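K.L.:
Sharing a structure here in structure tokens format.
The values are calculated or read from the model by the stated rules, or taken from the named source; none is laboratory data. What you see is a predicted model; the values in this text were computed from it and never measured. Don't worry about glycine lacking a Cβ; one is built from the backbone with ideal geometry, like all the others, and counts go over all protein chains shown.
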Amino acid sequence: MRTYLGFKFKRRLAETLVLKEAMAIIGCLIVVLAGVMLLYVDKAQAVAGTSVSSPTVSTYPETILARNNNTWDFQFTATNALSSGSVITINYPADFKINNDEDHKHINFATNQIYQYIPIVTVNDLAASSIVVSGQQLQIQIANVVSAGSVVKLSIIKEALSNPVTGGTKSILLWTSSDTDPVSIPVTIESSTLTVVLSKLYEGIHKVNYKLTFQARQAIDSDTALIMSSPMELDDSLESIDPSKVRLNGIAVSRVGMDGYLFIEPSSDTHIAAGQTVTLEFTEDAGINNPVIREGDSYTQQIGIGVIESQLDWADVTYTKDDIAPTGSVAVHGIAAGGTTYSRSILLDLSATDVGSGVIAEYEVSDSNDFYGYDSLEYKPQVPYLLSPGAGPKTIYVKYYDAVGNASEVCQITVNYDDKLSLASLAVKDESSAIVALSPVFSDAHYEYDTVVSSSVNTVKINLTKSVAAAILPEDSRAVYTPTDSTSGEITFSNLAFGSNDLKIKVSATGDYMDYHLVIFKEGPVLKHSNNLTSINNGSIVLFGGKKWILSDAVKRQLILLEPYTGCVHEYESSSCEWSEYGSAWSTELGDGGYRFDPMAEYSIAHYLNHDFLTSLGAESSNVSLYPFDNTMYSAGSVSRWSDEYRVKAAVGLLSIPQYQALSGTGVLNPFLESRWFLMNPAHAGNSYYIYNVDGAGSLETDWSSKEVHPVVYLKSGLSVSGGNGDLMNPYTLALTGLSSNANIASIKLQTTALGYSGTVEPPVFSLSVSNEIKNTALDVTMTDTTASLVVDSIDQPSGGTAQASVTVPMTIKVTDLPEGVTTVHVHGLAADNISRRNYDIKITRAAPASFNNATLSSLKVEGVTISPDANRNLSTSVSNAVYTTTITNAVYESGAKITIKLSTGNDVSVGQPVNLNEGANVFTIVVTAPDGTTKLTYSLTITRAVSGSTGGQQEVPVTTAAPKITLSDGTTIDFTGSTFGPNAKVSVTEVTPLNTSGTGLVSAGKTLEFTLTGITIDPLHPVKVSIPTNANANRSKVGVFYYNPSTLSWEYQKTEIDNTGVASAKVTHFSTYGVFEANKVATPTVDSLITNDTTKQFSLSTSTAGAAIYYTLEGSVPTTASTLYNASNKINLLSTQTLKAIAVKNGMVTSEVLTFPRRTINNVLIDINNKVDQNGDNKFDQTDVRMLLKQVGAVLVQ
């Protein structure tokens, strides 16, 4: 199937062809008026022969382009008379292809027909009698008489011949049966300009970049669609390409679609002149997959591109054969090899790689290594698997296939299945003790079941028996288990809400457990009018989700879409939709499952209805219940159940066979009788499976032909009719009823103590910390609305944890077997309207056991800043000069341990007592004595008080690999990307008064900051970027970042970038003190003298800035202070192949601009400006680079 692109492309193609035809007609008129035989023609006079004179040939299109097809029009004067039956022979060169092969069965040369009615060759507008193909000769038997001296016009339809693969001048020979001496007619074949480059060549590989480069044969703009022809196997991945991932000369195209060819509509910004080079690029994100080459086909395929179908430029693409088998492994999710599972239903973790195509397409899984009788399935990283019956070891075999079909070696894993926790039986009864059918039928192969009860049922009884004595733990506050004996009992599940009631049943024994999941769907309530007076009848029309529906069952709140839905899966238009066995319409199950309605099967009708169609209902889709639709297999003809009861949970389904039979005599379905529509249930007959359909008369049939479905939905409770009268012109409208939508939790308490609460996160969090002695807890929950309920969704806990959570009556959350660490219970409140819900997290932290010999110090605080020891038990922090006295507080250590702080004076103080600080480093020794009174650990705490002149404003910020870029409160940013961070890595920043600036000419243009790094190692190859905002009134043209060198007591300029907001940035590899200053710039070095010979130039350098040092390079790179220092006593020798670049540097001043020598011509400089060549190494091109380039222009000095 192909996506119908729309009228626009077809219209443009038609307009192009009509234009060509119009030009041909105009050309004919010119021929008549001017007496010229041809409008566009390669002409040749006979070089031999006597029966043919004045031969010419013209083609349409005019250009004879390699690998394309042209219509050929030959014209000559017959010297001798030709009778009916005479033969005109045309001999094409060997590299032309006469299309009389298997790929062109629609062309019959013997009868001179294409598609059985169009002549291949005409002579003087009359179809030739026959054509004999002999090698490269077309022997054409004419049907008419040609008198001597008459003009003969012979036309060959374009499908008959294909042009040579390569261009050049060729000679076509022509003669008649009256004189076999041929005339030679030269023609010129124009070569293709197309080249195709692929990022990956393996067949079958996914996400390949295709880049096509060619010369435009006519102007290309938004009104000219490009046509691309590609191998058939490549077409599948071209059908749904995102146009934003396709670029034409660097501009994203407007539209891409498939209609026989791939059509590419350029953007309105695209204007490409004829003759200009064109680059069409499909990026890897476009999702093109290389084709899988079929057996017997060539690995060299052709791709064509152009504007006109018969004027495509073609190129070969040779793919690489993939004969490399994939490799893989298999594991059982959550169970190690040789481990034990208590469930036959397990999850397999599949893992495979492929060196060739890189794509794992399918897998096979079996309980035997020959895989007999098992089909290959689409590869997914995790898949369900059902172990064979019977306890004992189970070996699972898996084999992988890549996109080409290469098979891996067989992988296997063995686990043990223990059935001791499997239930022996499970049955559900309603309030009248009637058995409620389970789906699927209970067996040891299933652990998830569902059932449907009527709207009047409020309580069900769940009878179960166990294989061994085991605890039964229902995880819902409405469910209470009453044992009958050690192996049987009954769960009473009450207060059933309308819609789905989910019950998890845990079977537990000897520390092991097994989960069962039972969903009881309660139908209803009856759909009523909000006024409680108007009766709502079945068959009424209801407006829901912007569509009209028939209310087929008010008690069950069931709606059937009135108009048949004909939308297709996988973006196919309805006109080309085939909802059939081969149209990916239904999902196929293994074994005897046959065709099933499966919302999880991509590209199926079921998936489409439960995704695209459901989304089309807008916000009202949230009022659709997840309903267990009957997907039972029926026998064809008798319409009786053939397989066990089976349901599938879906938001959108179809009408089932029993529902249809129940409604067929009520008149509710009468509006559907004029259309054909599918039913939910598949049919079985022998070894075949079918879809049940309703024909136009309302009778059941097994048929694939229908392209219409009538979706069915079930409305959630809480909706009622609010307006309309229920007829076609004025359908009922729906609105939420007055039931409360409040699902909030008011409080959670442990006995009388309320849990901590944080509403600033989503979901809100209740938190509780308990000692290590507490393993089980009961939390009392109060809902804001007492009619709301609480549901436990899931639980997160440390690895290996076995905690369980459940809600009991009254509203109490019981959490058992708490592990050490943080356990998070995910719950939600469910409002009385049974629709509104609110999610919450309950975080319970159980402390680790006390360690009697634990002398660990975890952390402490200085001036409100929390600091932790490093691996060597060192702690450090900094404070401003204004802090003379500080207090060490909040030390975290083992309960029962003791901590002592030793001063440099030898005195001891306790945590919380003040300590005095001197300028510089203040070192304290901290001793922690464990509760045993013997074990001790010693720590070193260094508090650095800033030197005199500090202005304070200290900030301390942690740095991690996940967050290497930090921002200070003043807007300063420090990017440590590429650095290495130890535990508790941090940076301390203090604003200080700049030292030693007097007489330097430096003027403060922003803050001066002192940096202290803890636990951070800077990689010299990845400098740290420090960005400091400048003052608003600073002269940005003179601003630079300077480093204070404490060894020289001077300020050193750092290469600085200033953005348009005034932030000055420098990249540095060491940290101390950095400041932002206005400063004068050092004068650029100049060449003072020059001596030239044939191979070298010898010169000296100077700068007008006194005391400045000059650094230079000779290989053309921009110099730094790490480059060669210029020595005035030694002249520099510059080879003719070298380029000198030099800078002048002086502390307290901005580094000079770069001198480049020898000087360059204006043309050289203009080329660099046009190419935007960066000059100052800041990885951007701006006015600074332009100025630097212009300064390179000048005459060469000669002395």
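K.L.:
Go through (1) at pLDDT below 90; (2) assigned by TED's automatic domain parsing to the domain that holds Y261 for G356 and report which single condition fails.
P.N.:
If we test G356 against (1) at pLDDT below 90; (2) assigned by TED's automatic domain parsing to the domain that holds Y261, just (2) comes out false.
K.L.:
Pick from S622, S575: which is within 32 Å of the chain's Cα centre (by Cα), surrounded by fewer than 21 Cβ atoms within 10 Å (Cβ to Cβ), at pLDDT 55 or above and not in a loop (DSSP other than H, G, I, E, B)?
P.N.:
Only one candidate passes the filter, namely S622.
K.L.:
Pairs, please: C-beta under 6 Å, at least 6 apart or cross-chain, first residue at pLDDT below 90 and in the stretch 1059-1075, second surrounded by fewer than 18 Cβ atoms within 10 Å (Cβ to Cβ) and hydrophobic (A, V, I, L, M, F, W, C)?
P.N.:
T1069/I1018
K.L.:
Scan I472, I435 and give me the residue that is assigned by TED's automatic domain parsing to the domain that holds K506, loosely packed, with under 15 Cβ neighbours inside 10 Å and not small (G, A, S).
P.N.:
Only one candidate passes the filter, namely I435.
K.L.:
When the stretch 660-672 is examined, which residues are found to be part of a loop (DSSP other than H, G, I, E, B) and surrounded by fewer than 14 Cβ atoms within 10 Å (Cβ to Cβ)?
P.N.:
Passing the criteria: G665, T666, G667.
K.L.:
It is to be established whether one or more residues within the stretch 510-531 are small (G, A, S) and closer than 17 Å to N623 by Cα.
P.N.:
yes
K.L.:
Within the stretch 365-398, track down each residue that is farther than 16 Å from T341 by Cβ and outside any strand (DSSP E or B).
P.N.:
Across the stretch 365-398, the qualifying residues are S368, N369, D370, F371, Y372, G373, Y374, D375, S376, Y379, K380, P381.
K.L.:
Tell me which residues, restricted to the stretch 293-306, are at pLDDT 90 or above and part of a loop (DSSP other than H, G, I, E, B).
P.N.:
Y299, the sole residue that qualifies.
K.L.:
State whether the residues of the stretch 268-284 include one that is within 25 Å of K245 (Cα to Cα), in contact with a helix residue (DSSP H, G or I) (Cβ under 8 Å, 6 or more places away or on another chain) and buried (at least 21 other Cβ atoms within 10 Å of the Cβ).
P.N.:
There is at least one residue in the stretch 268-284 that is within 25 Å of K245 (Cα to Cα), in contact with a helix residue (DSSP H, G or I) (Cβ under 8 Å, 6 or more places away or on another chain) and buried (at least 21 other Cβ atoms within 10 Å of the Cβ).
To keep it simple, each residue is scored yes or no on (1) within 44 Å of the chain's Cα centre (by Cα); (2) in a loop (DSSP other than H, G, I, E, B); (3) under 30 Å from G667 (Cβ atoms).
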residue	(1), (2), (3)
Y449	yes, no, no
V457	no, yes, yes
K461	no, no, no
V468	no, yes, no
Y513	yes, no, no
N532	no, yes, yes
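K.L.:
Taking the stretch 304-362 on its own, how many of its residues are closer than 30 Å to Q215 by Cβ and either of a type in the set (S, T, Y) or over 32 Å from the mean Cα position of the chain (by Cα) (or both)?
P.N.:
Number satisfying all stated conditions: 11.
K.L.:
Here are some residues: P1020, P1046. Which one is under 17 Å from V1068 (Cβ atoms) and touching a strand residue (DSSP E or B) at 6+ places or on another chain (Cβ under 9 Å)?
P.N.:
Result: P1046 is the single residue among P1020, P1046 that is under 17 Å from V1068 (Cβ atoms) and touching a strand residue (DSSP E or B) at 6+ places or on another chain (Cβ under 9 Å).
K.L.:
Using the structure shown, decide if Y1043 is surrounded by 13 or more Cβ atoms within 10 Å (Cβ to Cβ), closer than 30 Å to P958 by Cα and free of Cβ contacts under 8 Å to residues at least 40 places away in the same chain.
P.N.:
yes
K.L.:
Quick one: in the stretch 498-542, of everything that is of a type in the set (A, V, I, L, M) and surrounded by fewer than 16 Cβ atoms within 10 Å (Cβ to Cβ), which residue is farthest from G801 (Cα to Cα)?
P.N.:
That would be L533.
K.L.:
May I pose another question? I'd like to know if the stretch 1126-1148 contains one or more residues that are charged (D, E, K, R), at pLDDT 80 or above, surrounded by 18 or more Cβ atoms within 10 Å (Cβ to Cβ) and part of a loop (DSSP other than H, G, I, E, B).
P.N.:
Checking the stretch 1126-1148: at least one residue is charged (D, E, K, R), at pLDDT 80 or above, surrounded by 18 or more Cβ atoms within 10 Å (Cβ to Cβ) and part of a loop (DSSP other than H, G, I, E, B).
K.L.:
From the list V765, V761, V827, V792, exactly one residue is free of Cβ contacts under 8 Å to residues at least 24 places away in the same chain, under 33 Å from the mean Cα position of the chain (by Cα) and within 29 Å of S622 (Cβ to Cβ). Which is it?
P.N.:
Residue meeting the stated conditions: V761.
K.L.:
Does T1121 count as closer than 29 Å to Y1044 by Cα, surrounded by fewer than 17 Cβ atoms within 10 Å (Cβ to Cβ), at pLDDT below 85 and out of contact with any Gly (no Cβ under 8 Å at 6 or more places or on another chain)?
P.N.:
Criteria not met by T1121.
K.L.:
Let me ask you something else. Can you give me the number of residues within the stretch 810-825 that are in a loop (DSSP other than H, G, I, E, B) and charged (D, E, K, R)?
P.N.:
Residues meeting the conditions: 2.
K.L.:
Take the residues of the stretch 470-497 that are of a type in the set (D, E) and in a strand (DSSP E or B): which is modelled with the highest pLDDT?
P.N.:
Among residues in the stretch 470-497 that are of a type in the set (D, E) and in a strand (DSSP E or B), the one modelled with the highest pLDDT is E490.
K.L.:
Sticking with this one: Let me confirm something: among S425, S455, which residue is in contact (Cβ under 8 Å) with a residue 24 or more places away in the chain, closer than 24 Å to G499 by Cβ and among the polar types (S, T, N, Q)?
P.N.:
S455
K.L.:
Which members of the stretch 492-513 meet the condition of being among the β-branched types (V, I, T) and more than 30 Å from I335 (Cα to Cα)?
P.N.:
Selection gives T492 alone.
K.L.:
Hey, among the residues in the stretch 217-242 that are in a helix (DSSP H, G or I) and under 24 Å from Q311 (Cβ atoms), which one's modelled with the lowest pLDDT?
P.N.:
Filtering first and then ranking leaves D235.
K.L.:
Return the residue satisfying two criteria in turn: it lies in the stretch 832-860 and is surrounded by fewer than 17 Cβ atoms within 10 Å (Cβ to Cβ) and over 45 Å from the mean Cα position of the chain (by Cα), and of such residues it is modelled with the highest pLDDT.
P.N.:
Out of the qualifying residues, it is T856.
K.L.:
Which is farther than 21 Å from N406 by Cα and either touching a residue at least 12 places away in the same chain (Cβ under 8 Å) or not in a strand (DSSP E or B) (or both), of E309, E362?
P.N.:
Checking each option against the conditions leaves just E309.
K.L.:
Please find, within the stretch 711-744, the residue that is surrounded by the fewest Cβ atoms within 10 Å (Cβ to Cβ) out of those that are free of Cβ contacts under 8 Å to residues at least 40 places away in the same chain and under 15 Å from G546 (Cα atoms).
P.N.:
So the residue we want is M729.
K.L.:
Residue check: is S192 in contact with a Phe, Trp or Tyr (Cβ under 8 Å, 6 or more places away or on another chain) and in a loop (DSSP other than H, G, I, E, B)?
P.N.:
yes
K.L.:
Being under 23 Å from the mean Cα position of the chain (by Cα) and either outside the structural domain of Y60 (by TED's automatic domain parsing) or β-branched (V, I, T) (or both) is the requirement here; does N289 meet it?
P.N.:
In short, yes.
K.L.:
Yes or no: the stretch 192-204 includes at least one residue that is among the acidic types (D, E), under 28 Å from the mean Cα position of the chain (by Cα) and more than 30 Å from G85 (Cα to Cα).
P.N.:
Yes; the residues of the stretch 192-204 include at least one that is among the acidic types (D, E), under 28 Å from the mean Cα position of the chain (by Cα) and more than 30 Å from G85 (Cα to Cα).
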